[in-house]
Amino acid sequence: MITLQLRQLTVPPGQRLLIQDVNWSEFEAILDELGEKRASRIVYSDGTLEIRMPLPKHEREKSIRGDIVKILLDELDMDCECFGSTTFKRQAMNYDIEPDECFYIQNHQAMIGKDRLDLSIDPPPDLAIEVDVTSKTEIDAYTRLGIPERWVYEGTELKIYRLQAGAYQSSTTSPTFPKLPILEWVSEVLEQSQELGRSPAAWPKFSLTRLSSKNSLNPANWRLINAPSNDRTTRSTRRTTQSLFANPSRRNDRWANS
């Protein structure tokens, strides 16, 4: 048998390396060797270790998709704790997963001020985002973790998955935003962001505005802004949203460290 050192292995950007028959102690030794500041992403489930090296494009896209959720939460006045790409690891369930972005929404109060996670006590995130096609190893780990909702992006297409009866099922609606046309809105935002980028000048076009103070959660009372710049309401909302991206200190404190 030939034994290789981890430092002898190279994972090109955009590629994945699968290692089979890795026990938990070996997995933790690999994590220690890779270190906390590694660029690679790790997934582990039932003896299979997956090491993925993201492309720079992946990092840009996950940031944009996370921002979409943050804008929705802010506009809907929904409290949230953002845990970014936190590692969720539990030996008893034999898994480790690092979402591209994740959010505690329904369970946000339980996670306020948390510096360390104990998944035997702490709940899983309510929503996780993945910016690439999800592998079987990742799906297994997500299922074991029990995240109720996953958003998986393939290019500009969003697919929503709900955890039901121990398996992820495709859904046309989001449990987090059940009354909003998420698939339609997100697709429009992402298509236009490819042309306009993520600059503060471009993103206000994609903010949400209440058309009525009554029934603000009714989709009929919401719309995406994409009006001419001389529209007074649009200019006002653009300034508000621009301040979220141009001046992070003016955002809600929950995004300060995300």
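What is the local net charge at M93, summed over the other residues whose Cβ is closer than 15 Å to its Cβ (Lys, Arg +1; Asp, Glu -1)?
-4
How charged is the neighbourhood of E149? Take every other residue with its Cβ under 10 Å from the Cβ of E149, and add Lys/Arg as +1 and Asp/Glu as -1.
Taking every Cβ under 10 Å from that of E149, the sum is +1.
Report the rotationally averaged projected area of the range 1-146 based on its alpha-carbon convex hull, in square nanometres.
About 9.4 nm², averaged over all directions.
Calculate, in nm to one decimal, what W24 and E184 gain on full extension: separation in residues at 0.36 nm each, minus their alpha carbon distance.
Fully extending the segment from W24 to E184 adds 53.4 nm.
Beyond 16 Å, what percent of the Cα pairs of the range 8-52 remain?
Pairs farther apart than 16 Å: 34 percent.
When the Cα centres of the range 71-102 and the range 118-191 are compared, how far apart do they sit, in Å?
11
Quick one: net charge around I129, please, counting Lys, Arg +1 and Asp, Glu -1 for every other residue with C-beta under 12 Å from its C-beta.
Result for the neighbourhood of I129: -4.
Each value in this text was obtained by applying a stated rule to the coordinates, not by laboratory testing. Model, not experiment: these values are computed from the prediction. Neighbour counts run over all protein chains shown; Cβ positions are idealised from the backbone, glycine included.
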